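Down below is the structure, laid out as structure tokens.
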Amino acid sequence: MGKLVFVFITLIISGLQPLAALPAGDSEKYARSRENMVQNQLSKRGIADKKVLTVMKEIPRHLFVPGGLSFRAYADSPLPIGEGQTISQPYIVALMTELLELTGSERVLEIGTGSGYQAAVLSKMAEEVISIEIKEKLCSKAGRLLDSLGYANVETRCGDGYFGWNKGAPYDAIMITAAVDHIPPPLLAQLKDGGRLVLPLGNPFSYQNLVLVTKKGDDYTVWQISGVLFVPMTGHALQAAGKKP
């Protein structure tokens, strides 16, 4: 965990890559790419949760990126998905998921649905996932895609994730996939006692620290994990910081 990992909003060249049963819209080529991604980008960098590795070897990431970028879907980099947003690099998806220490029985809240890929990963790790996206076009598109691919335990909501989704609280775990300069109080309030929250914390327009927050009663502890660079959380988070939404 000591390595500094920067999530740059850039396009980087991908390498291409057998699973017995391939998901819908898949191919042997993409299955090899996932195998290579898991071995070289995840396992070799210290991702040890076997279920995280298995899930990311199975989920067709190329279906969650724009069609013209599908050949780069398994590259060691984030990719643009429209509306000024990105899909995080595979390693960061795996790291943030692993930090939540999910066992399969949890209710998870995700802030920032994006293309839906992280929600798909969480759906295989937890019992229920509620994912909130402020960009309506992305929200609708991700919801349709997740439904079409059979991720029935994912519920997508369009709205400002800063305020969470109180109807589903308390949550065993919360993941924020956009940078914010403080831990949103509504999300801390919706986190179950003993729960875990992972987010990129710091200047939304510069480098941030990926942190793990653990809650105990009215107190919480913040653990520094790695340096990262995420797109800003928009809506109330930027308004509170005096920036344009």
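The values are calculated or read from the model by the stated rules, or taken from the named source; none is laboratory data. Since we're looking at a predicted model, the values are computed, not measured. Cβ atoms come from the backbone with ideal geometry, glycine included; neighbour counts cover every protein chain shown.
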Identify, by number, the condition in (1) buried (at least 22 other Cβ atoms within 10 Å of the Cβ); (2) of a type in the set (A, V, I, L, M, F, W, C); (3) not in a helix (DSSP H, G or I) that Met96 doesn't meet.
(3)
Quick test for you: out of Ala152, Ala169, Ala173, pick the one residue that is farther than 21 Å from Thr86 by Cα and within 16 Å of the chain's Cα centre (by Cα).
Ala173
With the requirement that a residue be closer than 27 Å to Lys216 by Cβ and over 15 Å from the mean Cα position of the chain (by Cα), what does the stretch 155-166 give you?
Tyr162, Phe163, Gly164, Trp165, Asn166
Can you pull out every residue in the stretch 64-79 that is aliphatic (A, V, I, L, M) and out of contact with any strand residue (DSSP E or B) (no Cβ under 8 Å at 6 or more places or on another chain)?
Ala75
The stretch 217-239: number of residues that are of a type in the set (Ser, Thr, Tyr) and in a loop (DSSP other than H, G, I, E, B):
1
From the list Tyr207, Tyr220, pick out the single residue that is under 15 Å from Ile174 (Cα atoms) and of a type in the set (Ser, Thr, Tyr).
Tyr220
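Can you name the residue in the stretch 71-85 that is of a type outside the set (A, V, I, L, M, F, W, C) and in contact with a Lys or Arg (Cβ under 9 Å, 6 or more places away or on another chain) and is also surrounded by the most Cβ atoms within 10 Å (Cβ to Cβ) among such residues?
Tyr74
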Please identify the pairs in which a residue from the stretch 103-115 that is part of a loop (DSSP other than H, G, I, E, B) has its Cβ atom under 6 Å from the Cβ atom of a residue that is buried (at least 24 other Cβ atoms within 10 Å of the Cβ) and among the hydroxyl-bearing types (Ser, Thr, Tyr), counting only partners at least 6 apart or on another chain.
Gly112/Thr177; Thr113/Ser131; Thr113/Thr156
Report whether or not Ile47 is over 30 Å from Lys135 (Cα atoms), at pLDDT 95 or above and among the hydrophobic types (A, V, I, L, M, F, W, C).
yes
Flag if Ala31 is among the small types (Gly, Ala, Ser), in a loop (DSSP other than H, G, I, E, B) and more than 20 Å from Met175 (Cα to Cα)
no
Tell me which residues, restricted to the stretch 124-149, are over 27 Å from Ser105 (Cβ atoms) and either within 15 Å of the chain's Cα centre (by Cα) or buried (at least 23 other Cβ atoms within 10 Å of the Cβ) (or both).
Ile134, Leu138
